[in-house]
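> Below is a structure I'd like to ask you about.
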Amino acid sequence: MHQMHVMFIKYHASLMRAFVSEEMSPDPAIMKKVIQAVKQSGEAGEAAKKQATDLRQEICELEPGDLSVVASMMDDFDDYVQAMMEHSDQLQTWTEPYLTALSSYSESVSATLKSVWLSNVNKKSISKEKLKWFEIVILRVTLWLLPDVTSGHLPLPLMTGSLLDYAWNSVIGLDAVFQEVRVILIWKDSYLTSR
């Protein structure tokens, strides 16, 4: 059972490391266009959703980056996750409360990244290349956090302590259920063999 928790952590940690990859892709202009168009209806929206799926795959294949670049913001991200836990029974479900909370969460994360990395102070002291990289990371996260019914992509928040606690408590809950089922099966087997 604990292996499920470890796999969950490994997947989300690798995803976070992909977001902060030093590679300069996907193309920021394409990501911006897709982020805007994916919310449209009709042919343009459908094409953008397909492209968003391809871009998410590209993000997953990026060389892992150093998570220390977001370390100073993790407490803020965790606060935003805790706000989402108000709907923890609906986490990662296609319900209005979760979709609304996810949208608000995504906006908060993006605003935090922008305020820390793209502030006027940073713009003056950091190279244009680094500022472009910051923009790409923000776009990767924003794109990832967009739900897409067509592809079935319904993201969880970024990995933080609150999400780890939630995952662990879910695994512990499942473990208790499996233990109970195991006891019932043992009892049933004992009953049938004693007859």
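The values are calculated or read from the model by the stated rules, or taken from the named source; none is laboratory data. Predicted, not measured: the structure shown is a model, and the values here were computed from it. Methodologically, a virtual Cβ is constructed for each residue, glycine included, from the backbone with ideal geometry; neighbour enumeration extends over all protein chains shown.
> Determine whether Thr112 is without any contact (Cβ under 8 Å) to a residue 12 or more places away in the chain and under 17 Å from Leu145 (Cβ atoms).
no
> Next up: Looking at Ser68, Ser21, which is the one that is in contact with a Gly (Cβ under 6 Å, 6 or more places away or on another chain), within 30 Å of Lys128 (Cβ to Cβ) and not aromatic (Phe, Trp, Tyr)?
Ser21
> OK, next. Can you name the number of the only condition in (1) within 21 Å of Glu129 (Cα to Cα); (2) in contact (Cβ under 8 Å) with a residue 40 or more places away in the chain that Ser14 fails?
Just one mismatch for Ser14, condition (1).
Yes/no per residue for (1) modelled with pLDDT under 80; (2) within 22 Å of Glu63 (Cα to Cα); (3) among the charged types (D, E, K, R):
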| residue | (1), (2), (3) |
| --- | --- |
| Glu107 | no, no, yes |
| Leu113 | no, yes, no |
| Val137 | no, yes, no |
| Val141 | no, yes, no |
| Leu154 | no, no, no |
| Pro157 | no, yes, no |
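> Here is a follow-up. Given (1) of a type outside the set (A, V, I, L, M, F, W, C); (2) under 26 Å from Gly45 (Cα atoms); (3) at pLDDT 90 or above, where does Gln92 come up short, assuming only one miss?
(3)
> Right, next: Out of the residues in segment 17-48 that are buried (at least 18 other Cβ atoms within 10 Å of the Cβ) and among the hydrophobic types (A, V, I, L, M, F, W, C), state the one that is farthest from Leu113 (Cα to Cα).
Ala48
> Within segment 65-89, how many residues are within 20 Å of Leu102 (Cα to Cα) and either not in a helix (DSSP H, G or I) or not β-branched (Val, Ile, Thr) (or both)?
So the count comes out to 16.
> Among the candidates Asp66, Asp78, which residue alone is within 13 Å of the chain's Cα centre (by Cα) and in contact (Cβ under 8 Å) with a residue 40 or more places away in the chain?
So the residue among Asp66, Asp78 that is within 13 Å of the chain's Cα centre (by Cα) and in contact (Cβ under 8 Å) with a residue 40 or more places away in the chain is Asp78.
> Next question, about the same structure. Can you find a residue that is surrounded by 13 or more Cβ atoms within 10 Å (Cβ to Cβ), over 16 Å from Leu145 (Cβ atoms) and of a type in the set (Val, Ile, Thr) anywhere in segment 49-67?
Taking every residue of segment 49-67 in turn, none turns out to be surrounded by 13 or more Cβ atoms within 10 Å (Cβ to Cβ), over 16 Å from Leu145 (Cβ atoms) and of a type in the set (Val, Ile, Thr).
> Is it the case that segment 106-127 has a residue that's within 14 Å of the chain's Cα centre (by Cα) and under 12 Å from Leu156 (Cα atoms)?
So in segment 106-127, the residues within 14 Å of the chain's Cα centre (by Cα) come out as 106-110.
Checking the rest, the ones that are also under 12 Å from Leu156 (Cα atoms) come to 106.
Within segment 106-127, one or more residues are within 14 Å of the chain's Cα centre (by Cα) and under 12 Å from Leu156 (Cα atoms).
> Report, by residue number, each residue of segment 90-105 that is closer than 12 Å to Pro157 by Cβ and either assigned to a loop (DSSP other than H, G, I, E, B) or touching a residue at least 60 places away in the same chain (Cβ under 8 Å) (or both).
Leu91, Gln92
> Take the conditions under 20 Å from Asp79 (Cβ atoms), among the polar types (S, T, N, Q), modelled with pLDDT under 75 and surrounded by fewer than 15 Cβ atoms within 10 Å (Cβ to Cβ) and apply them to Asn120. Does it pass?
Details: under 20 Å from Asp79 (Cβ atoms): no; among the polar types (S, T, N, Q): yes; modelled with pLDDT under 75: yes; surrounded by fewer than 15 Cβ atoms within 10 Å (Cβ to Cβ): yes.
Taking the combined requirement at face value, the residue does not satisfy it.
> If we scan segment 49-59, do we find a residue that is under 16 Å from the mean Cα position of the chain (by Cα) and without any contact (Cβ under 8 Å) to a residue 24 or more places away in the chain?
Yes, there is a match, as at least one residue in segment 49-59 is under 16 Å from the mean Cα position of the chain (by Cα) and without any contact (Cβ under 8 Å) to a residue 24 or more places away in the chain.
> Additional query: Taking Ser151 and the conditions (1) touching a residue at least 60 places away in the same chain (Cβ under 8 Å); (2) of a type in the set (Gly, Ala, Ser); (3) within 21 Å of Met84 (Cα to Cα), which numbered condition does it fall short on, given that it satisfies the others?
Ser151 satisfies every listed condition except (3).
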